[in-house]
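Chemist: One structure, pasted below without further comment.
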Amino acid sequence: MSPVAARRLRRLAVALGAVALLVLLAGGWVYWRLRGSLPQLEGEARVAGLGAAVTVERDALGVPTLRGSSRVDLARTLGWLHAQDRFFQMDLLRRAAAGELAELFGQRALPRDRATRVHGFRKLAQTAVPRLAPAEREILAAYAAGVNSGLGALRELPFEYLLLQLAPTPWRPEDCVLVGYAMMLDLQDGTGRHERTLMTLRDKHGADALAFFAPLLSANDAALDGTTAPLPPIPGPEWINLRAPKLGAARRPGSDFPVAHELVRDAESWRQNDQFASFPFPARDPDSIFGSNAFALAGAHTASGAGLLANDMHLGHAVPNIWYRASLEYGGQRVTGVTLPGTPVVVAGSNGHVAWGFTASYTDTGDIIILEAETGAASSYRASGHAELLTIEKRLESIVVKGGAPVTMTYDWTVWGPIVGRNDRHQPLAYRWMAYDPDAANFTLVELEAARTVDEATAIAHRAGVSPVNFIVADRAGDVAWTIAGQLPDRVGFDGRLPVSWSSGERTWVGHLAPDKVPVVHGSRSVAPGRIWSGNQRQVGGAALAKLGDGSYHHAPRAAQIRDDLVKLTRATPRDLLAVQLDDRALFLKPWHTLLMQALTPAATGGSATRAALRKHAESWEGRASIDAVSYRVVREFRQAVRQRVFDPLFAACVQTTPDFNWRRLDLEPALQAMLRERPLHLLAPNFTNWDELLIAAMDDTIALIEKSGQPLPRGTWGERNRANIRHPFTISFPILGRWLNLPADPLPGDNDMPRVQTPTNGASERLVVSPGREAEGIYHMPGGQSAHPLSPYFQAGHAAWVRGEPTPFLPGSAAHRLTLKP
């Protein structure tokens with residue numbers, strides 16, 4: 001080598017070494033800063049405002065046990081812990097409810113903020129806090145102060161803010177209310193979409209179609225009181241005839257239901273479309289239902305003689321998980337369960353005397369109101385109690401946008417609520433939602449920590465200000481019960497299922513439904529005595545159902561399977577109820593497997609190698625949504641393809657009239673089974689000459705869908721289709737971070753219509769099984785870990801047990817770290 005070449009090589013080596021050193025130093029600097037936002041686990045810390053010292057012991061999974069002298073001190077401490085472990089999550093929740101995400105993420109978050117700002121939740125939260133009971137205000141103030149203290153105690157800001165180059169705003173008591181509103185937006189219908197769907201179905205296809213395609217009761221329901229009803233007849237071709245030149249039919253003489261006109265697309269239309277914008281959160285699976293399972297056995301059916309409760313709440317998966325485990329000890333009592341970061345409440349758990357859990361109730365908490373006005377009075381409307389026409393109010397909201405100018409939005413409001421659309425007669429539709437009542441938001445659930453009996457717990461639930469949910473409770477004496485927690489409207493003059501005018505005063509709300517009017521079903525009064533179950537189905541019928549209304553109940557197979565599993569148990573233990581939670585048998589799809597095999601005739605498979613292969617793989621019916629199942633996936637995709645082929649053309653006119661018409665939320669299974677049995681030609685899309693052709697087309701859809709996924713049919717297992725997609729919000733914009741921030745893409749058993757509910761982005765956000773007084777025998781696990789920090793040992797601690805369905809203890813284990821917080 002020449003001297004010149006050697007010098008060049010040495011210079012190159014020096015340069016590369018310098019670059020490597022700079023990279024190493026930069027990496028070390030980044031690592032040092034990231035470690036600076038790890039929570040403090042041991043030693044001592046000062047927290048202003050504490051009345052006395054509080055100890056925090058964390059077990060091997062990072063689950064804290066808080067011991068203090070008062071509930072207020074523990075609220076302050078819980079806020080401190082939430083901030084250290086989960087502040088960015090809390091920030092996203094309050095901003096999601098307030099419509100303030102664009103302040104962090106810029107233009108991409110504007111669609112969600114625009115849709116959310118119509119509710120005015122920030123101002124509503126500010127109104128709600130002063131109206132809380134004094135004890136609740138004290139707890140909220142202590143919690144908020146603890147949050148700010150915990151955030152300030154970190155050496156560095158949480159790593160998300162380092163990447164965003166922003167500083168977090170302090171936590172306020174009103175932000176706790178906003179976190180509650182965020183849950184309402186997830187669990188409730190914030191724009192009356194379901195009611196507008198029913199309205200459009202009726203107006204476009206008639207009352208007979210509404211009764212058939214959207215039955216409130218059906219023959220195979222799983223209500224606690226055993227109520228059922230036969231399905232109405234298939235509507236005739238005078239109402240719906242897809243073989244006619246035009247969709248729909250002319251108006252019947254004397255009919256009260258006009259033919260729907262084209263929807264007027266005006267300034268309100270974006271509210272209907274943009275409400276589904278998901279960023280910065282993962283998009284929802286359109287076929288998944290935010291719901292949950294909760295069920296309980298009375299002492300007569302348990303091994304211990306005490307009540308036994310199971311609860312797995314189904315929500316969207318994300319990093320970190322929505323729940324934060326904790327055990328609180330104060331004043332001689334102990335309560336253990338899950339908390340929601342951003343609030344000081346133990347949401348579900350056990351206090352040694354009662355154990356409680358929740359599921360989405362799908363009760364009717366809002367009503368669409370048809371505005372009436374004089375001809376040509378586009379900006380005015382009538383309201384009872386007002387002699388003159390009222391003027392539609394213009395509410396202005398200014399949205400701060402990172403990297404851009406603020407965006408000002410104008411929302412049309414009435415005395416009842418915002419205008420959310422128009423009907424077929426071009427009349428504006430306002431939405432009256434229980435969430436707009438500041439008295440419907442409170443923190444009364446904290447009183448459950450001192451409840452001693454089922455009756456005490458249900459009385460507290462009736463006063464609670466939460467998104468109305470099914471409340472399942474079991475006590476130490478062996479009693480179990482169901483009721484609704486949260487505030488419901490007390491309607492007069494109408495049932496709330498379809499839009500009506502309120503201008504005359506004959507139809508209205510008269511406040512909240514009184515506690516003594518809210519239905520309660522004790523285990524002794526259940527149709528399956530000693531057993532209570534909830535899978536988001538309709539729970540009661542008759543007069544009780546009339547009080548609760550219809551908020552789009554989930555169809556019954558999952559709840560029925562839970563009920564039937566419970567009936568088989570006599571001396572049950574926590575592991576028995578965990579087995580029910582993990583039940584992935586596909587009983588609901590058995591008739592669909594039979595239909596597919598009947599449709600795969602020699603004529604259908606002859607000359608088609610792919611259909612022959614489909615039959616081969618469908619023959620070996622596993623009967624469950626296991627990760628290695630092929631036939632389950634085949635049958636499941638076949639059902640979805642049939643539904644699409646049947647209902648897309650059938651409801652095309654409805655979607656044309658109301659773009660966010662949502663037929664997937666209707667309980668269409670009874671109607672579909674009836675149509676497949678009777679095969680009415682007038683309900684068949686005109687591109688098919690008979691129903692067999694539709695089924696063959698659905699088979700081909702199934703084959704194409706599986707092959708499109710990249711897996712040939714023999715390897716197209718359910719586990720390949722149902723892989724976990726549990727992501728940190730940052731990785732939507734920065735996929736390169738997924739390696740460090742996302743959870744593993746494990747194949748997952750389970751699906752929507754069985755107890756083990758699981759899709760890639762939605763499912764059991766926790767599973768707990770506990771008997772009050774015997775918490776040491778309880779079971780718990782959840783996706784992800786306690787900490788949101790990827791460098792924390794608790795980032796994924798316990799996640800593998802959730803994936804495998806393995807029981808881990810409900811109570812925290814022995815202390816691995818001990819921290820003392822002092823005044």
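The values are calculated or read from the model by the stated rules, or taken from the named source; none is laboratory data. Remember, it's a predicted structure, so these values are computed and weren't measured experimentally. Backbone-built Cβ (ideal geometry, glycine too); neighbour counts: all protein chains shown. Accessible surface areas use protein heavy atoms only, side chains included; no ligands, DNA or RNA. Shrake-Rupley method; radii C 1.70, N 1.55, O 1.52, S 1.80 Å.
Chemist: Relative to the present Cα-Cα distance, how much length would full extension add between ALA53 and GLU329 at 0.36 nm per residue of separation? Write out the running numbers ahead of the final one.
Modeler: Details: separation 276, 0.36 × 276 = 99.36 nm, distance 1.30 nm.
Contour length minus the Cα-Cα distance gives 98.1 nm.
Chemist: So what are the ³J(HN,Hα) numbers for segment 634-651, from phi and the Karplus equation (6.51, -1.76, 1.60; θ = phi - 60°), rounded to whole Hz, Gly and Pro as x?
Modeler: So the J values, rounded to whole Hz, are 4, 5, 5, 5, 5, 4, 4, 5, 4, 4, 5, 5, 7, 8, 4, x, 5, 9.
Chemist: Could you work out the helix-only [θ] at 222 nm for the chain, with each DSSP H run of four or more residues adding -39,500 (n - 2.57) and the total divided by the number of residues, to the nearest 500 deg cm²/dmol?
Modeler: Working: 26 runs with 280 residues, N = 823.
The helix-only estimate for the chain comes to -10000 deg cm²/dmol at 222 nm.
Chemist: State, to one decimal in nm, how far the label point of GLN126 lies from the label point of ARG33, with both points 7 Å from Cα in the Cβ direction.
Modeler: 3.4
Chemist: Given labels modelled 7 Å from the Cα in the Cβ direction, how far is it in nm from ALA135 to ASN690?
Modeler: For the pair ALA135/ASN690, the computed spacing is 7.1 nm.
Chemist: Would you please give the residues with an amide H less than 5 Å from that of ASN762, counting only those at least 5 places away or on a separate chain, with H modeled from the backbone geometry?
Modeler: HIS317
Chemist: I would also like to ask the following. Quick one: length gained pulling GLN644 to HIS386 fully straight, 0.36 nm per residue minus the C-alpha distance? Before the final figure, lay out the partial values.
Modeler: Values: separation 258, 0.36 × 258 = 92.88 nm, distance 4.77 nm.
Going from the current span to full extension adds 88.1 nm.
Chemist: Sticking with this structure for a sec: State the extension gain, in nm to one decimal, for the chain segment bounded by ASP490 and ASP564, taking 0.36 nm per residue of separation less the distance between their alpha-carbons.
Modeler: Details: separation 74, 0.36 × 74 = 26.64 nm, distance 3.39 nm.
Taking 0.36 nm per residue and subtracting the Cα distance, the gain is 23.3 nm.
Chemist: Just want to confirm a number: the relative contact order over the chain, from Cα pairs under 8 angstrom separated by 6+ residues, in percent.
Modeler: Values: 1816 pairs, mean separation 162.8, N = 823.
Normalised by residue count, the contact order of the chain is 20 percent.
Chemist: Taking R0 as 41 Å, what FRET efficiency do you get between LEU587 and GLN711 from their Cβ-Cβ distance, rounded to the nearest 0.05?
Modeler: Approximately 0.95, to the nearest 0.05.
Chemist: So how do THR410, THR200 rank on accessible area, 1.4 Å probe, biggest first, that is with the largest at the start? Kindly include the intermediate steps, with their values, before the conclusion.
Modeler: On the way: THR410 70, THR200 5 Å².
Most to least solvent-accessible, the answer reads THR410, THR200.
Chemist: Let me ask something else about it. Quickly work out the ARG7-to-ARG284 label distance, labels modelled 7 Å from Cα along the C-beta direction, and quote it in nm with one decimal.
Modeler: Computed distance between label sites ARG284 and ARG7 equals 7.1 nm.
Chemist: Accessible area of the chain with a 1.4 Å probe: how many percent of it is carbon plus sulfur? Walk me through the numbers before you get to the answer.
Modeler: On the way: 17190 of 30900 Å².
With neighbouring chains kept in place, the figure for the chain is 56 percent.
Chemist: If r is the Cβ-Cβ distance from SER814 to VAL407 and R0 is 35 Å, what FRET efficiency results, to the nearest 0.05?
Modeler: 0.10
Chemist: Run the paramagnetic zone check for ARG395: 7 angstrom along Cα to Cβ, then residues of segment 124-160 with backbone nitrogen under 17 Å.
Modeler: Flagged as within label range: 124-129.
Chemist: So what are the ³J(HN,Hα) numbers for segment 537-546, from phi and the Karplus equation (6.51, -1.76, 1.60; θ = phi - 60°), rounded to whole Hz, Gly and Pro as x?
Modeler: With the stated coefficients, segment 537-546 comes to 7, 5, 9, 9, x, x, 5, 5, 5, 4 Hz.
Chemist: Among [x] 70, 39, 24; [y] 46, 37, 24; [z] 42, 34, 31, which one is semi-axes √(5λ) of the Cα gyration tensor in Å computed from these coordinates?
Modeler: [z]
Chemist: Non-local amide H neighbours of ARG624 (under 5 Å, H modeled in plane, Pro and chain starts lacking H): which ones?
Modeler: ALA586
Chemist: Follow-up question, since we're still on this one. Check the chain and count each lysine pair with an alpha-carbon distance under 29 angstrom, considering only pairs eight or more places apart or from different chains.
Modeler: The result is 10.
Chemist: Using a/c under 1.5 as the rounded threshold, could you call segment 751-823 rounded, prolate or oblate? The axes a ≥ b ≥ c are square roots of the C-alpha gyration tensor eigenvalues, and prolate needs a/b larger than b/c, oblate otherwise.
Modeler: It comes out oblate by the Cα gyration axes.
Chemist: How much solvent-accessible surface does TYR431 expose, in Å² to the nearest 10, with a 1.4 Å probe and all protein chains in place?
Modeler: 10
Chemist: Give me the net charge of ASP564's neighbourhood, meaning all other residues with Cβ under 12 Å from the Cβ of ASP564; Lys, Arg count +1, Asp, Glu -1.
Modeler: Working: positive: ARG531, ARG558, ARG563, LYS568, ARG585; negative: ASP565, ASP583.
Combined, the nearby Lys, Arg, Asp and Glu give +3.
Chemist: Turning to a different aspect of this structure: Report ARG531's accessible area, 1.4 Å probe, all protein chains in place, as a number in Å² to the nearest 10.
Modeler: Estimated to the nearest 10 Å², ARG531 gives 20 Å².
Chemist: Got a sec? Charge dipole of the chain, +1 on Cβ for Lys and Arg, -1 for Asp and Glu; which of VAL642, SER733, GLY542 is way out at the positive end?
Modeler: SER733
Chemist: So who's got an amide H within less than 5 Å of the one on HIS817, skipping anything under 5 residues away but keeping other chains? H placed 1.01 Å off N, in plane.
Modeler: For HIS817, whose amide H was placed from the backbone, the distant partners under 5 Å are ARG58.
Chemist: Would you mind telling me the antiparallel percentage of the DSSP bridges in the chain, rounded to 5?
Modeler: 90
Chemist: Enumerate the calculated ³J(HN,Hα) couplings along segment 143-152 in order (Karplus 6.51 cos²θ - 1.76 cosθ + 1.60, θ = phi - 60°), each rounded to whole Hz, writing x wherever the residue is Gly or Pro.
Modeler: Per residue, the Karplus-derived 3J(HN,Hα) values read 4, 4, 5, x, 4, 5, 5, x, 5, x Hz.
Chemist: GLU238 to SER379: FRET efficiency via 1/(1 + (r/R0)^6), r the Cβ-Cβ distance, R0 30 Å, to the nearest 0.05? Intermediate values should be presented prior to the final figure.
Modeler: Numbers: r = 39 Å, r/R0 = 1.31.
For GLU238 and SER379, the calculated efficiency is 0.15.
Chemist: Using only alpha carbon pairs under 8 Å that are at least six residues apart, calculate the relative contact order of segment 652-798 and give it in whole percent. Mind dumping the intermediate values first?
Modeler: On the way: 133 pairs, mean separation 16.2, N = 147.
Relative contact order here is 11 percent.
Chemist: Ignoring ligands and nucleic acids, what accessible area does LYS402 show with a 1.4 Å probe (Å², nearest 10)?
Modeler: 80
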